[in-house]
Amino acid sequence: MGLTAEQIRLGIDHVAAIEPAFGRALAAADYPEPRIRPTGYQTLLRTIVGQQVSVAAAASVWRKLEAELGEDMAPGALLEKDFETLRACGLSRQKQGYARSLCELVVSGELPLDNLPADDEEAIAELVRIKGIGRWSAEIYLLFAEGRPDIWPAGDLAVMAGLHKILELQERPSEKLTRAMSEAWRPHRGAIAIFTWHCYNNPAL
């Protein structure tokens, strides 16, 4: 599971104590709600299904896949389906390649989702072996599903924009600067990432 409400509060409070701008933003916007997704293959498959389509379109594809594969959506069941069957569910050729990559790694045991490396960078390296899963998707999985407390998706535009607003910077920071600034916030960067999303476009700020 992802970070709990208490973990998020403690993380933000810790950073606000050393960076007053976070304290000011917190007073205006309050604490964010937890963002929690289940661990395992289905969450990563949902990520692939949802890429570059609307929420409604992704939900429609997911319902069709459930009807075709069964509620447990077993990876072996997906691998048994042919191209036309999966296309009828709404999966393009490219997304079928991504989904098959995920399923093959899971079925073969090469990607042990129940036992990813404890080191965050090593875990990211394992996840990006899946075609269609880049660093950002891997970081989001580790933060929202595994609840790793120091995940910092520095390349996320909303994280950069959130920091721009919270820290009252002259311009939106680059990914490199966003990563450098975050070093002082270890090991609570996951909570701060969630807070930046909460503050992004928040009318209270």
**Study point:** Zero-based 5 Å bins, Cα pair distances in the stretch 24-144, whole percents
**Key:** 2, 10, 20, 22, 18, 12, 7, 4, 3, 2, 0
Point to revise | Folded to 0 to 90 degrees: helix 41-50 orientation relative to the chain principal axis, Cα | key: 80
Exercise for review: First select every other residue whose beta carbon is under 13 angstrom from the beta carbon of Gln7; then total the charges, Lys and Arg +1, Asp and Glu -1.
Suggested key: -1
Revision key, fill the gap. Ranked by GNM mean-square fluctuation in the chain (Cα springs under 10 Å), the top entry among Leu157, Leu45, Leu102 is Leu157
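Suppose only helical runs count, i.e. DSSP H with n ≥ 4. What mean residue ellipticity at 222 nm does that imply for the chain under -39500 (n - 2.57) per run, divided by all residues and rounded to the nearest 500 deg cm²/dmol?
On the way: 12 runs with 123 residues, N = 205.
Counting only the DSSP helices, I get -18000 deg cm²/dmol.
Go through 77-90, 10-23 and give me the packing order, highest mean Cβ count within 10 Å leading. If you can, show how the numbers build up before the last one.
Details: 77-90: 14.6, 10-23: 16.5.
Peptide ranking by packing, descending: 10-23, 77-90.
Using the Cα atoms of the stretch 104-205 to build a convex hull, what is its mean projected area in square nanometres?
On the way: hull surface 28.3 nm².
Reported value for the Cα convex hull: 7.1 nm².
Net charge near Ile133: determine it from the other residues with C-beta under 11 Å of the C-beta of Ile133, scoring Lys and Arg +1 and Asp and Glu -1.
On the way: positive: Arg129, Lys131, Arg135; negative: Glu126, Glu139.
The answer is +1.
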Practice item. Over the chain, average the accessible area per residue using a 1.4 Å probe and give it in Å², no decimals. Key: 51
Practice item. For the chain, give the percent of accessible area contributed by carbon and sulfur heavy atoms, probe 1.4 Å, rounded to a whole number. Key: 51
**Study point:** Degrees, to the nearest 10: 135-144 long Cα axis against longest axis of the chain
**Key:** 80
Practice item. Name the residues whose placed amide hydrogens come within less than 5 Å of the amide hydrogen of Gly40, ignoring near sequence neighbours (fewer than 5 apart) on the same chain. Key: none
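Please compute the net charge surrounding Trp152, taking Lys and Arg as +1 and Asp and Glu as -1 over other residues with Cβ under 14 Å from its Cβ.
Details: positive: Arg135, Arg148, Lys176, Arg179, Arg186, Arg189; negative: Asp120, Glu121, Glu139, Asp150, Asp156, Glu175, Glu183.
Within the 14 Å Cβ shell, the charges total -1.
Calculate, in whole percent, how much of the Cα-Cα pair population of the chain lies beyond 31 Å.
Values: 5625 of 20910 pairs.
Tail of P(r) above 31 Å: 27 percent of Cα pairs.
The values are calculated or read from the model by the stated rules, or taken from the named source; none is laboratory data. In this text the structure is predicted, and so the values were computed from the model without any measurement. Note that we place each Cβ from the backbone using ideal geometry, even for glycine, and neighbour counts take in every protein chain shown. Accessible surface is based on the protein model in full, side chains and every heavy atom, while ligands, DNA and RNA are left aside. Shrake-Rupley method; radii C 1.70, N 1.55, O 1.52, S 1.80 Å.
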